1. Return a yes/no flag: does the range 119-133 have any residue that is part of a loop (DSSP other than H, G, I, E, B) and out of contact with any strand residue (DSSP E or B) (no Cβ under 7 Å at 6 or more places or on another chain).
2. Examine the range 104-112 for a residue that is surrounded by 22 or more Cβ atoms within 10 Å (Cβ to Cβ), in contact with a strand residue (DSSP E or B) (Cβ under 8 Å, 6 or more places away or on another chain) and at pLDDT 95 or above, and state whether such a residue exists.
3. If you take the residues in the range 134-157 that are out of contact with any strand residue (DSSP E or B) (no Cβ under 8 Å at 6 or more places or on another chain) and within 30 Å of residue 217 (Cβ to Cβ), which one is surrounded by the fewest Cβ atoms within 10 Å (Cβ to Cβ)?
4. Pairs under 8 Å by beta carbon, first residue under 17 Å from residue 246 (Cα atoms) in the range 262-277, partner part of a helix (DSSP H, G or I) and modelled with pLDDT of 95 or more, six or more apart or different chains?
5. Which is surrounded by 24 or more Cβ atoms within 10 Å (Cβ to Cβ) and under 23 Å from residue 188 (Cα atoms), of 85, 54, 61, 77?
6. Do we have residue 236 as surrounded by fewer than 17 Cβ atoms within 10 Å (Cβ to Cβ), more than 26 Å from residue 202 (Cα to Cα) and either out of contact with any helix residue (DSSP H, G or I) (no Cβ under 8 Å at 6 or more places or on another chain) or at pLDDT 95 or above (or both) here?
7. Evaluate the following for residue 198: is it free of Cβ contacts under 8 Å to residues at least 24 places away in the same chain and surrounded by fewer than 19 Cβ atoms within 10 Å (Cβ to Cβ)?
8. Out of the range 158-180, which residues are assigned to a helix (DSSP H, G or I) and buried (at least 23 other Cβ atoms within 10 Å of the Cβ)?
């Protein structure tokens with residue numbers, strides 16, 4: 001596994017090791033994904049290579065697109081190339097940011113990418129590189145991730161709710177809050193099923209705005225904090241955020257793999273673990 005120190009990767013390692021899998025893992029400090037020789041040495045004699053390495057500082061990418069490109073596109077290409085040379089299957093984690101967020105129905109797996117941010121452009125380039133370098137690949141797009149092993153939206157909202165009487169949260173961005181543990185389980189199930197090479201969407205089912213998600217989070221805290229809706233105009237950021245981050249799951253079903261359940265039920269299952277973390 002490449003990029004083994006991140007929030008998703010730590011849950012994926014736990015799921016794999018819990019299943020008795022032998023895992024070779026490298027964190028960012030252990031491996032420069034733009035070092036072709038080092039990447040090739042890591043993936044030698046393995047069956048599956050999971051690439052969780054990414055430049056995820058969305059706003060910083062606007063002024064440092066070249067740095068983001070080196071990790072998200074060049075690094076992705078080198079990992080996929082090395083995996084293919086080793087005879088291993090490549091699993092590459094991507095993002096909803098490859099889309100423009102202008103849709104009104106769930107994005108299909110084969111919808112044309114149209115990124116509106118530097119981060120999105122570099123991740124779209126990474127997808128292209130994986131398809132070019134590794135015919136045996138699974139590209140898994142995800143969105144709105146949260147988990148116990150890193151900074152994430154629910155933990156930030158819980159911290160703010162502990163100190164404030166009111167939270168104003170955007171209601172014009174809609175997506176699918178997704179627990180990293182659920183995504184880790186989905187990735188393992190995809191590989192175990194021998195799913196056909198291609199692109200899949202690894203998000204929870206259903207949809208909600210950040211405002212609606214925050215109401216669910218705060219309701220479980222018992223702080224009495226009032227949550228009010230606002231618009232993205234109140235929180236201008238360097239990088240554009242997709243207004244619509246709802247991804248479809250038809251490819252999973254076609255491969256005989258059950259999508260992740262409804263976001264609200266999965267949050268209820270995850271909340272204690274995530275907020276305690």
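The values are calculated or read from the model by the stated rules, or taken from the named source; none is laboratory data. All values reported here derive from a predicted model rather than from experimental measurement. Cβ coordinates were reconstructed from backbone atoms using ideal geometry, including for glycine residues, and neighbour counts include every protein chain displayed.
1. no
2. Within the range 104-112 (the criterion being surrounded by 22 or more Cβ atoms within 10 Å (Cβ to Cβ), in contact with a strand residue (DSSP E or B) (Cβ under 8 Å, 6 or more places away or on another chain) and at pLDDT 95 or above), the answer is yes, since at least one residue qualifies.
3. Step by step, filter the range 134-157, then rank; the result is 151.
4. Pairs found: 263/213; 264/216; 266/182; 267/154; 267/213; 267/216; 267/217.
5. After ruling out the rest, the residue left standing is 54.
6. yes
7. It is false that residue 198 is free of Cβ contacts under 8 Å to residues at least 24 places away in the same chain and surrounded by fewer than 19 Cβ atoms within 10 Å (Cβ to Cβ).
8. Selection gives 180 alone.
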